[in-house]
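What follows is a set of notes on a single structure, which appears directly below.
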Amino acid sequence: MLTTLQTLLMATSLITPAAEAVPNFNPRVTCKADASAQNGVPQQTVTQCLADEDAARTKVRAQWANFNEPLQSRCAAETQIDGSPSFVELLICLRIGAGLSPE
């Protein structure tokens, strides 16, 4: 006969761990760095960059649960490597990693 502890241990081993939460980046830092990195001639304005980041953040939040945890972790880590994390980059990484088109 199983003890209460054994039953509890068996039950918890069957539970799939919840996916980690959607990363919380500050796109202002990334957008300002991107605008200043173009020798004073930004490829896009900070306002445009922030709009792109906001749209990507909305998509990431809506689609996050559709991606497996290892892919979530890998993409969240990769987009932070250079110190300027981006929801646009995160979304592209997740989609490509899942075999989808980047957009």
Exercise. Among the residues of segment 16-38, is there at least one that is assigned to a loop (DSSP other than H, G, I, E, B), over 10 Å from the mean Cα position of the chain (by Cα) and at pLDDT 85 or above?
Worked result: yes
For this session: Test residue 57 against the stated conditions and say whether it is touching a residue at least 24 places away in the same chain (Cβ under 8 Å), surrounded by fewer than 18 Cβ atoms within 10 Å (Cβ to Cβ) and within 13 Å of residue 25 (Cα to Cα).
Result: no
For this session: Would you check if there is a residue in segment 70-81 being surrounded by 14 or more Cβ atoms within 10 Å (Cβ to Cβ), in a helix (DSSP H, G or I) and β-branched (Val, Ile, Thr)?
Result: no
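The values are calculated or read from the model by the stated rules, or taken from the named source; none is laboratory data. As the structure is a computational prediction, the values presented were derived from the model and not from experiment. As a convention, Cβ positions derive from the backbone with ideal geometry for all residues, glycine included, and neighbour counts pool all protein chains shown.
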